[in-house]
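I have a structure I would like to understand better, so I am pasting it below and will then ask my questions one at a time.
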Amino acid sequence: MGFLLLLNQLVSYITVARYVVDPSFKQINQLLAKQIELVFLTLPEHGREQLPVYETVSDAFKEVTGLEIYSLYQAQYHGLNEATYYNFLSLQMSQFLGGATEVRVSKGDNYMVWIRPPQDPFVWIRIPLEKFDDSEFSPLTLYLIVIGTLSIAGGWLFARHMTRPLRHLQQAANKVAHGEFPERLALRGSSEVEEVTKAFNSMAQGIKQLEDDRKLLMAGISHDLRTPLTRIRLATEMLSDNEAFFKEGIIGDIEDMDEIINQFITYIRLDREELPESSSLNELISQEVNTELAQGRNLLMTLDDLPTMMLRPLALRRVLANLIGNAIRYGGGEIYVSSGMVNKRRVFFTIEDNGPGIQEDKIAQLFKPFVQGDNARGGQGSGLGLAIVQRFVSHHGGQVKITNRPQGGLSVRVELPINR
C-alpha cells in the first residue's frame with residue numbers, strides 16, 4: 001500500500017510537471033524571448049553600431065514594455081548579483097533566441113527576469129513579470145498535498161477498518177488462552193474476517209462449554225469422594241488405642257487424598273473468580289516465608305524494592321506456598337528466596353534449594369499435569385503442583401523458568417509484568 005501511494009505521488013508529480021508547469025514556463029519564456037527580439041528590431045539603423053543598446057532604446061519603448069536595459073556595471077548596481085541563475089530557463093531561452101543566453105530571476109515586490117541576450121552579450125535586460133505571482137502555482141502544490149493527504153488518510157482508514165476486527169480477535173484469543181471467555185465478537189470487516197470471527201466465536205463457545213462441564217464434573221467427583229472419606233475418617237476415629245498405628249496411617253492417607261482433591265479443584269478453577277488488586281509482591285513473599293519460618297524452616301530471604309502491582313494475592317500465595325513447599329520437601333538445607341526487577345516493565349522472584357536437582361531433559365515435563373521428576377525429586381504428591389503454578393503465573397501474564405544451580409539444587413524463577 002505504501003509503495004502504491006508513493007507511486008501515485010510520483011505519477012502525479014510527473015504529470016503536473018510535464019503538462020502544467022513545463023508548458024507554463026515555456027510559454028513565459030517564449031513571450032520574454034519575443035520581447036527581447038522586439039528590442040533589437042526596434043533599434044534605429046544609425047545607432048546600432050555607434051551607441052550601446054541601453055542608450056539607443058527610446059524611453060517611450062521602455063515605459064510601454066517595462067523593460068530596463070543595463071550595462072554589466074549598471075545591472076550589478078540594480079540587483080543582478082542577488083538574482084538566481086536558472087539553467088533550464090537559460091537553455092530554453094537559448095533555443096528561442098538562437099544563441100547562448102543566460103537567465104536569472106530575482107524576487108522583490110515583483111518577479112524580475114534578467115536576460116543576457118546573444119545579440120549583445122555585454123548588456124542585461126531586466127523584464128518585470130507584473131502579472132506573474134508564485135501563488136498561481138499554489139493550486140498545483142495544494143493539489144499534490146491534498147492528493148497525498150487523501151491517499152495516506154484513505155490508506156490508513158482502510159487498514160484500520162481491516163485490522164480492527166483482527167485486533168479484537170487477537171485480544172479475545174489471548175483472553176481465551178488465559179482461561180477467560182469474552183462476549184461473542186461482532187461480525188465486522190471483510191467476508192473472510194467475518195468467517196474467521198464466526199469460527200472463533202463457535203470455538204470459544206465450545207471451549208467454554210467444555211470448561212463448564214469439567215468444573216461440574218470435578219465438583220461432583222470431589223463431593224462424591226469427600227462423603228465416603230468423611231465416613232471413613234469417622235470410623236477410623238472409633239478404632240481402639242491398640243490399633244493406633246493403623247489409625248494414624250488411615251488418617252494420613254485420608255488427608256493426602258483430601259489434599260489431592262483440593263489440588264484437582266484448584267487446577268480446574270484457576271481462581272478466575274479472584275479479581276486483581278493493588279498489592280505488594282514483597283509483602284506476599286514475606287508473609288509466606290514468615291509462615292514457614294514460624295514452623296522452624298530454614299529459609300533466607302533477600303528482597304529488593306519493587307513497585308506496587310495489580311495482582312491476585314490468593315493465587316500468588318498459592319504459587320509461593322507450592323514452590324517453597326517443593327524446595328523444602330525435595331531441596332534440603334537452606335532455602336533462598338529473593339526478588340528484584342528485570343527491567344522497568346517486569347519483576348521476578350526466585351526460590352532456590354540445595355537438593356540434587358533434576359535432569360535437563362526432564363525440566364520441561366515438570367509443568368505437565370500428573371508428571372513428576374521421580375528420579376531426582378522423590379515422586380511425592382499428585383504431580384499437579386507445578387502445573388498449577390504454571391497456570392497461575394501464565395494467568396498473570398508471566399512465565400516460570402526452572403534451572404539447575406551450578407553449586408547444586410534447583411532455581412525456580414517467576415517473572416511477572418508490572419502493568420497488566
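The values are calculated or read from the model by the stated rules, or taken from the named source; none is laboratory data. Note that the coordinates shown come from a computational prediction; the quantities given were computed from them, not determined experimentally. Every residue, glycine among them, receives a Cβ derived from its backbone with ideal geometry; neighbour counts consider all protein chains shown.
Ile358 passes all but one of (1) within 20 Å of Ile388 (Cα to Cα); (2) of a type outside the set (Ser, Thr, Tyr); (3) in a helix (DSSP H, G or I); which number fails?
(3)
Which one of these is hydroxyl-bearing (Ser, Thr, Tyr), exposed (fewer than 13 other Cβ atoms within 10 Å of the Cβ) and assigned to a helix (DSSP H, G or I): Ser202, Ser222?
From the options Ser202, Ser222, the qualifying one is Ser202.
Name the residues in the range 319-341 that are closer than 16 Å to Val393 by Cα and among the β-branched types (Val, Ile, Thr), would you?
Those that are closer than 16 Å to Val393 by Cα and among the β-branched types (Val, Ile, Thr): Val319, Ile324.
I'd like the full set of residues that are under 18 Å from Asp212 (Cβ atoms) and not in a loop (DSSP other than H, G, I, E, B), limited to the range 177-199.
Ala177
Being over 41 Å from the mean Cα position of the chain (by Cα), surrounded by 15 or more Cβ atoms within 10 Å (Cβ to Cβ) and either more than 28 Å from Gly325 (Cα to Cα) or modelled with pLDDT of 80 or more (or both): is that true of Ile250 here?
It is true that Ile250 is over 41 Å from the mean Cα position of the chain (by Cα), surrounded by 15 or more Cβ atoms within 10 Å (Cβ to Cβ) and either more than 28 Å from Gly325 (Cα to Cα) or modelled with pLDDT of 80 or more (or both).
Which of the numbered conditions does Asp212 fail, given that it passes all the others? Conditions: (1) in a helix (DSSP H, G or I); (2) of a type in the set (D, E, K, R); (3) loosely packed, with under 11 Cβ neighbours inside 10 Å.
Failed condition: (3).
Residues that are assigned to a helix (DSSP H, G or I), more than 27 Å from Ile260 (Cα to Cα) and among the β-branched types (Val, Ile, Thr): does the range 166-176 have at least one?
Within the range 166-176 (the criterion being assigned to a helix (DSSP H, G or I), more than 27 Å from Ile260 (Cα to Cα) and among the β-branched types (Val, Ile, Thr)), the answer is no, since none of the residues qualifies.
Name the residues in the range 319-341 that are over 15 Å from Leu299 (Cβ atoms) and in contact with an Asp or Glu (Cβ under 6 Å, 6 or more places away or on another chain), would you?
Across the range 319-341, the qualifying residue is only Gly340.
Need the failing condition index for Gly357 against (1) at pLDDT below 85; (2) surrounded by fewer than 19 Cβ atoms within 10 Å (Cβ to Cβ), just the number.
So the condition that Gly357 fails would be (2).
If you don't mind, another one. Sort through Thr236, Thr227 and tell me the only one that's loosely packed, with under 12 Cβ neighbours inside 10 Å, farther than 30 Å from Leu185 by Cα and either at pLDDT 80 or above or among the β-branched types (Val, Ile, Thr) (or both).
Thr227
List, please: which pairs have Cβ atoms under 8 Å, are six or more places apart or on different chains, and start with a residue in the range 67-92 that is without any contact (Cβ under 8 Å) to a residue 40 or more places away in the chain and not assigned by TED's automatic domain parsing to the domain that holds Ile115 and end with one that is surrounded by fewer than 17 Cβ atoms within 10 Å (Cβ to Cβ) and hydroxyl-bearing (Ser, Thr, Tyr)?
So the pair list comes out empty.
In the range 93-122, how many are over 22 Å from Asn81 (Cβ atoms) and touching a residue at least 40 places away in the same chain (Cβ under 8 Å)?
The total comes to 3.
Please go through the range 67-104 and give me each residue that is over 21 Å from Pro23 (Cα atoms), surrounded by 14 or more Cβ atoms within 10 Å (Cβ to Cβ) and touching a strand residue (DSSP E or B) at 6+ places or on another chain (Cβ under 7 Å), ordered by number.
Leu67, Glu68, Ile69, Tyr70, Ser71, Ala75, His78, Gly79, Leu80, Ala83
Could you tell me whether any residue of the range 83-95 is closer than 13 Å to Ile127 by Cβ, over 49 Å from the mean Cα position of the chain (by Cα), at pLDDT 85 or above and not in a helix (DSSP H, G or I)?
Yes, the conditions are met somewhere in the range 83-95.
Right, another one. Mind checking which pairs have a first residue in the range 153-179 that is in contact (Cβ under 8 Å) with a residue 12 or more places away in the chain and a second that is assigned to a loop (DSSP other than H, G, I, E, B) and basic (Lys, Arg), Cβ under 7 Å, 6 or more apart or different chains?
Qualifying pairs under 7 Å: Pro165/Arg188; Gly179/Arg272.
Matching residues to (1) acidic (Asp, Glu); (2) modelled with pLDDT of 75 or more; (3) surrounded by fewer than 12 Cβ atoms within 10 Å (Cβ to Cβ):
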site	(1), (2), (3)
Thr15	no, yes, yes
Thr56	no, no, no
Asp59	yes, no, yes
Val64	no, no, yes
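Hey, could you check the range 276-309 for residues that are touching an Asp or Glu at 6+ places or on another chain (Cβ under 7 Å) and surrounded by fewer than 16 Cβ atoms within 10 Å (Cβ to Cβ) and say which is nearest to Gly340 (Cα to Cα)?
Here the answer is Leu300.
Further question on the same structure: Do the conditions hold for Leu320, that is, is it surrounded by 14 or more Cβ atoms within 10 Å (Cβ to Cβ) and more than 14 Å from Ile402 (Cα to Cα)?
Considered against the rule, which asks whether it is surrounded by 14 or more Cβ atoms within 10 Å (Cβ to Cβ) and more than 14 Å from Ile402 (Cα to Cα), Leu320 comes out as yes.
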